[in-house]
Amino acid sequence: MSVPETATDFDITSDWHVADPYPFLRRLRHDRPVFWSEHLRMWVLTRYDDVRDGYRDHRRFSSAGSLTVNRMLTDDVKRSLGRHQSFLDDFAANVDPPKHTRMRRAISRAFTPRAVSRLGDDFRAEVDRVLDDVAGKGRADLVSEIAHLPSARLTAAFIGVPAEDEQQVKQWVYSWFQLFLSPQPPERQRELAQDFLKYLDYVDRLVTERRAEPRDDFTSLMAELIDTGPDGLSHREVVETISAILLGGNDTVPNGFANAVYRLQRSPGAWEEIVSDLSLIPNMIEETLRIDGASLGSFRRATEDVTLHGVTVPAGSEVLLHADSASHDETVFPEPERFDVRRPNAREHMVFGYGIHHCVGAALGRLELEIALRRTAERLPSLRLAEGQRVAYRKSLVGRGLPRLLVEW
């Protein structure tokens with residue numbers, strides 16, 4: 001598969017880019033570290049230092065409206081969505097201080113070290129339950145049968161989604177992901193848009209119910225803060241926060257787990273090394289997050305003309321802080337395409353963001369990944385990739401993930 005040579009060929013949904021974008025990104029970091037992407041209709045920053053500075057400079061690179069990535073939608077679908085075509089307008093990652101500060105303070109109440117530890121215990125039980133179900137089969141789709149179930153169940157329980165609604169909510173979340181974050185034909189967009197509206201209506205009703213009759217869950221905790229003064233939250237802010245956390249639990253952690261297993265299995269001796277020394281897992285997780293593009297990056301909007309490397313990004317332009325490219329910047333990570341479970345600075349990737357927009361759930365995500373990999377290595381030490389399968393990453397605006405990975409043991 002030939003790899004294009006110039007920035008004009010930048011297309012994150014093309015087959016060659018999904019398969020292996022890193023040689024191409026290396027050339028861009030050297031020759032065009034700041035460039036205009038006709039494909040995304042935005043400017044792209046590719047070097048580590050520029051991406052990091054963009055994350056922490058919210059004065060020049062604003063988060064307000066940064067998640068409104070609806071350029072792939074048809075006009076017909078945009079009309080059907082109405083005000084919801086700009087999804088997550090009131091989510092913490094999509095706003096600047098002081099609104100961001102207020103929202104992050106509220107959300108952080110649910111992610112204290114004690115609460116994260118308790119959720120870790122619950123997640124461990126879910127992982128063991130899933131492994132109990134598949135261990136005797138000797139073969140499974142790692143993605144659908146092992147990776148997704150524990151995280152989806154834990155997230156649903158944490159939010160307060162009743163067990164009988166879990167599967168439907170999971171399907172709606174998947175529709176949301178497909179609608180906004182992966183290219184779809186017009187007819188499929190219309191179907192997904194209807195699912196998305198049903199999902200928002202469900203979360204809206206859940207918040208209303210918990211506000212009237214609180215329970216011991218995250219939705220009730222957030223609902224208690226609605227209309228409570230300057231430090232409180234609005235109803236829509238709570239709805240969008242819950243919607244986003246459900247997306248993370250059904251996508252980010254499962255993808256990280258499947259990517260890690262796939263990377264270990266195709267790196268000679270790496271899986272056996274982890275099985276024999278489980279203490280390597282935490283740093284190995286950081287290395288797989290770094291090398292496998294668990295996050296493409298973050299979108300921002302330039303509030304003024306910004307000149308970098310002789311190129312001016314005009315005020316009002318949308319900007320991609322390309323964290324995936326930054327994680328392969330050879331000036332920070334020597335031999336960036338080499339998988340090294342002991343890489344000393346692996347944690348310096350920006351998969352979870354940086355600065356004030358560092359993901360509030362990062363500690364829980366890391367803990368879940370560690371538990372899933374540790375329990376899988378302990379209980380399925382002979383795990384290996386099934387022969388004869390074609391493994392391909394999905395096409396997505398947010399990061400690399402595997403729709404399917406057959407394994408045996």
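Annotations
- Remark: pairs (first residue in segment 51-65, within 21 Å of S327 (Cα to Cα); second residue among the basic types (K, R); Cβ separation under 6 Å; 6+ apart in sequence or on different chains) = F61/R300.
- If the condition is being in a loop (DSSP other than H, G, I, E, B) and surrounded by fewer than 18 Cβ atoms within 10 Å (Cβ to Cβ), then segment 363-392 contributes P381, S382, A386, E387, G388, Q389, R390, V391, A392.
- Restricting segment 24-56 to residues that are assigned to a loop (DSSP other than H, G, I, E, B) and at pLDDT 95 or above, the residue that is surrounded by the most Cβ atoms within 10 Å (Cβ to Cβ) is T46.
- Matching residues, segment 273-309, being of a type in the set (G, A, S) and modelled with pLDDT under 95: G293, A294, S295, G297, S298
- Criterion: closer than 30 Å to A258 by Cβ, of a type in the set (D, E, K, R) and touching a residue at least 60 places away in the same chain (Cβ under 8 Å) - qualifying residue of K170, K198: K170
- Taken together, the residues in segment 317-367 that are of a type in the set (K, R) and within 18 Å of the chain's Cα centre (by Cα) amount to 2.
- Residue selected from segment 144-157 under the condition buried (at least 22 other Cβ atoms within 10 Å of the Cβ) and hydrophobic (A, V, I, L, M, F, W, C), by the criterion farthest from L247 (Cα to Cα): I146
- Within the option set E337, E304, E318, E330, being crowded, with 18+ Cβ neighbours inside 10 Å and not polar (S, T, N, Q) holds for one residue only, E318.
- Looking at E164, E126, just one residue is surrounded by 14 or more Cβ atoms within 10 Å (Cβ to Cβ) and either at pLDDT below 95 or among the acidic types (D, E) (or both), and that residue is E126.
- Test: S298 is among the hydroxyl-bearing types (S, T, Y) and either touching a Leu at 6+ places or on another chain (Cβ under 6 Å) or farther than 18 Å from L181 by Cβ (or both): yes
- Q389, sole failed condition from (1) without any contact (Cβ under 8 Å) to a residue 60 or more places away in the chain; (2) within 30 Å of S279 (Cβ to Cβ): (2)
- Tallying residues that are in a helix (DSSP H, G or I), modelled with pLDDT of 90 or more and out of contact with any Ser or Thr (no Cβ under 9 Å at 6 or more places or on another chain) within segment 219-238 yields 3.
- Residue within segment 128-146 that is more than 26 Å from H357 (Cα to Cα), touching a helix residue (DSSP H, G or I) at 6+ places or on another chain (Cβ under 9 Å), of a type outside the set (D, E, K, R) and not in a helix (DSSP H, G or I) present: yes
The values are calculated or read from the model by the stated rules, or taken from the named source; none is laboratory data. Since this is a predicted model, take the numbers as computed values, not measurements. Note that we place each Cβ from the backbone using ideal geometry, even for glycine, and neighbour counts take in every protein chain shown.
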